[in-house]
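Trainee: Got a structure here, written out as structure tokens. Questions coming.
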Amino acid sequence: MDQNNISSPSNLNGKKILVVDDEPDILTYLTVLMENNGYKTYQAQNAVEALKTIQETKPDLISLDIMMPKKSGIAFYRELKLNHETSTTPVIFISAFSMARDFTGPGFRKLIPELDIPEPDGYLEKPVDIPRLLELINKILG
Amino acid sequence: MHTTDLRDWLHNELFERVPSNIAIIDREYRIIEANQNFRETFGEWQGKLCHNIFRNRCTPCSSCKAEQTFNDGQSRVSEESRLNRHGDTSYYVVNFEPIISQNGDIPYIIEMSKDVTKDKRLQREHDILFDRVPCYVTVLNRDMKIVRNNEMFRKTFGENPEKKCFEMYQKRTTPCEDCPALKTFSDGQIHTASKSGVNKNGETIFYHVTTSSLNRREKTPTHVIEMSLDITATRQLEKRLNESFDFQASLIKSAMDSIIAADQDGIITLFNPSAEKLFNYDAAEVINQIKIDQFVPPDFIDVISQGKNHCVLAEAQAQNRDKQNVPVRFSGVVLKSEEKHLGSAAFFQDLRDIKKLEHDKLEAERLAAVGQTVAGLAHGIKNVLMGLDGGMYVIQSGMNNNNTELTHRGWEMLQNNIERISLYVKDFLNFAKGQQSINVTSIDPLVLAQDVFELFKNVAHKAGINLMAELSETVTPANMDYEGIHTCLVNLVSNALDACEISEKSGGNVILRLLDNDETLIFEVCDDGCGMDYEIKKKVFTTFFSTKGSTKGTGLGLLVTRRITQEHGGRITLESTESKGSVFRLEFPRKRLPPLTEMT
């Protein structure tokens, strides 16, 4: 068995994950990885597509890139959290930014000043460490 | 001559010959006898009354001296004004003598008058002169006591009769050193001196004093006249002038600016220490030796020859002794006083330090840009690494599951990301290469903008985007690196077209503008494409990223554009509204544009 498939597909009851990234290669990589680990996946290349898919499929988790055309992941995250239909859906950021400084604590409040919007459920830096990603997903959905 | 003859002569002739006007009047004031002089002065007298002839009156005068002498028999002397035979008023000293008969009656009075009109006038002139002359005038006796003084003296030193000269003028108890009055008392000659004293208010007074003897012949005069001209105001003016001169001289001496002044023939008369330093000449080598033309920019000479008075050059070159050009800010003036040409003055501000600071600042900005670029590069490389990781993972996944399609997709991912690495390397080398130098020539910004417009016209048309040019026709040439600015505009127009392409709206408009506002040259690229939200705007110039997806670009374009713009002393600004579009503006203040690259 591949070292990156740490959980058996049968345990996961087909939880749904939406992957949002403007780069098709990244979309392919993440969806293949997640499907190999027993999740059902959906793809979106920008915020508009993502919102449509969320409404149609009600995913259990959203993986979100930050730098995307039309609307950044940050702005989209803010919208999701302000919308009561989507505000409870867990979100993890996957981005090439070094996020520890910008996406937690005071740095995060500079990007999103509203105190009732929580910090995301997780953030990982590209290139992602697969075991950490799967562990994080497992923790959130488990 | 016998005694009897003398008596006869006296009786017969003296009356006619004395140099006085003599008349005899009786108690009715009738003139009964008069001499030749009287007739010549007052005219015919026979049968006239004295008040008829002297005053042209019909009745006796109110305080008639003759009447008084008739009454009391006393002799009198009186000064009277009388009309002469021409009707003019003259002044006379008149003696009234009673002629007393043997029985003691006074039947007649003899009156003798002498014309003192001239003496009176002289006296008056002297009095006015003495009191009103703008000098202090005092007369001293041999004890140095002031026996007479004039009005101006009293006003200034007060009225203190019987005081000595040195007590009044100098508030001292002994004569001053070198006293000119004492000298005059000892030799009778005129002496002068410059002195200072104290007036009645305790203020210091400066004066020039001249002393001269009042006795014409004696070698040891009894009285000396002192005349002192007050020069306090002149001294104060002189002092103020000196102070003001010293003040200006020290200003000029300690000025940071180099200052050179010349007379009306252009010969240098002033060369301050800053100028010595700037031009590497000693003032002594230059003053009265060299013409100012050698140091000032030719533009100033032109301006003067056109009759103008003032010339300011924000940037000019000053050539020093070693024929080196020093960048300076120059200001020159033609000096005039009431339209009279006095000469010219030139001011130079050494710009070397400022230029160095500017250069250091640009260098610091460049280094910061390099740092940001490296950080941005890491961002891009991370994406590529993840793509490569993904490619390998997907290939393995396809092979594990015997899924050929997935294996192919994995290969494709590897290829994409390897290609992106080449793209990064190429762009980054380009970025690094451009760092070295820019080739500045005098270019026509209009031609450049038209060039870029032509380059994209067809591309835009094929993509269904309306590309427009709004270019000012009156723009003048500017010192720029043609290739560099061309690259900037290509980047901005290409970004704008991409923004329209990825916009949800169909079509789209892009405008390339060229403006020349208040000495600033502006290129503007506007699009109504996708625009950018806050986070992207924040990162757009500092981070190396692309919103265009994996195949469209590396994100270096805007960094390169910013760098080139800064190298031209300009700045880049962005206004962008999400889903409405963006305006990128390159602003180049003309006075900050780089100098022409020297041809080697």
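The values are calculated or read from the model by the stated rules, or taken from the named source; none is laboratory data. All values reported here derive from a predicted model rather than from experimental measurement. Counting neighbours? That spans all protein chains shown, and the Cβs are built from the backbone with ideal geometry, glycine included. Surface areas here come from the heavy atoms of the whole protein model, side chains and all, with no ligands, DNA or RNA. Shrake-Rupley method; radii C 1.70, N 1.55, O 1.52, S 1.80 Å.
Trainee: So is B:R172 touching a helix residue (DSSP H, G or I) at 6+ places or on another chain (Cβ under 6 Å) and without any contact (Cβ under 8 Å) to a residue 12 or more places away in the chain or not?
Mentor: yes
Trainee: Residues B:I292, B:I304: which one is modelled with pLDDT of 90 or more, at negative phi and in the same structural domain as B:A261 (by TED's automatic domain parsing)?
Mentor: B:I292
Trainee: Sticking with this one: Quick check on region B:400-413: of everything there that is farther than 14 Å from A:L33 by Cα and in a helix (DSSP H, G or I), which residue is nearest to the other protein chains (Cβ to nearest Cβ)?
Mentor: Top of the filtered list is B:M413.
Trainee: Collect the residues in region A:13-36 that are more than 16 Å from A:M68 (Cβ to Cβ) and in contact with a Leu (Cβ under 6 Å, 6 or more places away or on another chain), keeping them in residue-number order.
Mentor: Hits for region A:13-36 are A:K15, A:I17.
Trainee: Are any of the residues in region B:455-474 within 14 Å of chain A (Cβ to nearest Cβ), open to solvent by less than 80 Å² (accessible area, probe 1.4 Å), in contact (Cβ under 8 Å) with a residue 12 or more places away in the chain and out of contact with any strand residue (DSSP E or B) (no Cβ under 7 Å at 6 or more places or on another chain)?
Mentor: no
Trainee: Here's another thing I want to ask about it. Among the residues of region B:475-488, write down those that are of a type in the set (G, A, S) and touching a strand residue (DSSP E or B) at 6+ places or on another chain (Cβ under 9 Å).
Mentor: Passing the criteria: only B:A478.
Trainee: May I ask you to list the residues in region B:376-420 that are surrounded by fewer than 17 Cβ atoms within 10 Å (Cβ to Cβ) and modelled with pLDDT under 90?
Mentor: Scanning region B:376-420 gives B:A378, B:E419.
Trainee: Continuing with this model, one more query. What is the one condition in (1) open to solvent by 70 Å² or more (accessible area, probe 1.4 Å); (2) more than 22 Å from B:V333 (Cβ to Cβ); (3) of a type in the set (D, E) that B:D230 does not satisfy?
Mentor: The single condition B:D230 does not satisfy is (1).
Trainee: Shifting gears a bit: When region B:478-507 is examined, which residues are found to be in a loop (DSSP other than H, G, I, E, B) and either modelled with pLDDT under 85 or not assigned by TED's automatic domain parsing to the domain that holds B:I564 (or both)?
Mentor: Result: B:I502, B:S503, B:E504, B:K505, B:S506, B:G507.
Trainee: Restricting attention to region B:195-220, and to residues there that are within 48 Å of the chain's Cα centre (by Cα) and outside any strand (DSSP E or B), which single residue is surrounded by the most Cβ atoms within 10 Å (Cβ to Cβ)?
Mentor: Filtering region B:195-220 for residues that are within 48 Å of the chain's Cα centre (by Cα) and outside any strand (DSSP E or B), the one surrounded by the most Cβ atoms within 10 Å (Cβ to Cβ) comes out as B:N199.
Trainee: Right, another one. Among (1) open to solvent by 30 Å² or more (accessible area, probe 1.4 Å); (2) under 22 Å from B:H86 (Cβ atoms); (3) without any contact (Cβ under 8 Å) to a residue 40 or more places away in the chain, there is one condition B:T3 misses while meeting the rest; what is its number?
Mentor: Only one criterion in (1) open to solvent by 30 Å² or more (accessible area, probe 1.4 Å); (2) under 22 Å from B:H86 (Cβ atoms); (3) without any contact (Cβ under 8 Å) to a residue 40 or more places away in the chain is unmet by B:T3, namely (2).
Trainee: Could I ask something else about it? Before we move on, is B:D263 touching a residue at least 24 places away in the same chain (Cβ under 8 Å), of a type in the set (D, E) and buried (at least 16 other Cβ atoms within 10 Å of the Cβ)?
Mentor: In short, yes.
Trainee: Is region B:504-516 home to any residue that is open to solvent by 20 Å² or more (accessible area, probe 1.4 Å), free of Cβ contacts under 8 Å to residues at least 24 places away in the same chain and either small (G, A, S) or more than 14 Å from chain A (Cβ to nearest Cβ) (or both)?
Mentor: no
Trainee: Taking A:Y42, is it more than 10 Å from chain B (Cβ to nearest Cβ) and buried (at least 17 other Cβ atoms within 10 Å of the Cβ)?
Mentor: Answer is yes for this residue.
Trainee: Considering only residues that are farther than 18 Å from B:N149 by Cβ and hydroxyl-bearing (S, T, Y), which ones fall in region B:171-230?
Mentor: If the condition is that a residue be farther than 18 Å from B:N149 by Cβ and hydroxyl-bearing (S, T, Y), then B:T173, B:T174, B:S186, B:T192, B:S194, B:S196, B:T204, B:T220 are the ones that fit.
Trainee: Taking the residues in region B:19-37 that are touching a residue at least 60 places away in the same chain (Cβ under 8 Å) and either under 19 Å from B:Y91 (Cα atoms) or not assigned by TED's automatic domain parsing to the domain that holds B:T89 (or both) as candidates, determine which candidate is surrounded by the fewest Cβ atoms within 10 Å (Cβ to Cβ).
Mentor: Residue satisfying both the conditions and the ranking: B:P19.
Trainee: Out of contact with any Lys or Arg (no Cβ under 6 Å at 6 or more places or on another chain) and either closer than 26 Å to B:N495 by Cβ or surrounded by 16 or more Cβ atoms within 10 Å (Cβ to Cβ) (or both): which single residue out of A:A75, A:A47 fits that description?
Mentor: Every option except A:A75 fails the conditions.
Trainee: How many of the residues in region B:386-399 are facing another protein chain (nearest Cβ under 10 Å), free of Cβ contacts under 8 Å to residues at least 12 places away in the same chain and farther than 13 Å from A:L27 by Cα?
Mentor: Of the residues in that region, 0 qualify.
Trainee: Let me confirm something: among B:S113, B:S101, which residue is of a type in the set (S, T, N, Q) and either more than 26 Å from B:H11 (Cβ to Cβ) or surrounded by fewer than 13 Cβ atoms within 10 Å (Cβ to Cβ) (or both)?
Mentor: B:S101
Trainee: Given the residues A:S72, A:S98, A:S63, which is the only one that is within 14 Å of chain B (Cβ to nearest Cβ) and modelled with pLDDT of 95 or more?
Mentor: Being within 14 Å of chain B (Cβ to nearest Cβ) and modelled with pLDDT of 95 or more holds for just one of A:S72, A:S98, A:S63, which is A:S63.
Trainee: Now a separate question. In region B:287-314, which residue that is touching a helix residue (DSSP H, G or I) at 6+ places or on another chain (Cβ under 7 Å) and in contact (Cβ under 8 Å) with a residue 40 or more places away in the chain is nearest to B:K355 (Cα to Cα)?
Mentor: If we take residues in region B:287-314 being touching a helix residue (DSSP H, G or I) at 6+ places or on another chain (Cβ under 7 Å) and in contact (Cβ under 8 Å) with a residue 40 or more places away in the chain, then B:A314 is nearest to B:K355 (Cα to Cα).
Trainee: List the residue pairs whose Cβ atoms are under 9 Å apart, where the first residue sits in region A:121-136 and is farther than 14 Å from A:L33 by Cα and more than 12 Å from chain B (Cβ to nearest Cβ), the second is open to solvent by 10 Å² or more (accessible area, probe 1.4 Å) and β-branched (V, I, T), and the two are 6 or more positions apart or on different chains.
Mentor: A:D121/A:I140; A:G122/A:I140; A:Y123/A:T104
Trainee: For region A:87-98, enumerate the residues that are more than 28 Å from B:N383 (Cα to Cα) and in contact with a Leu (Cβ under 9 Å, 6 or more places away or on another chain).
Mentor: Correct list: A:S87 only.
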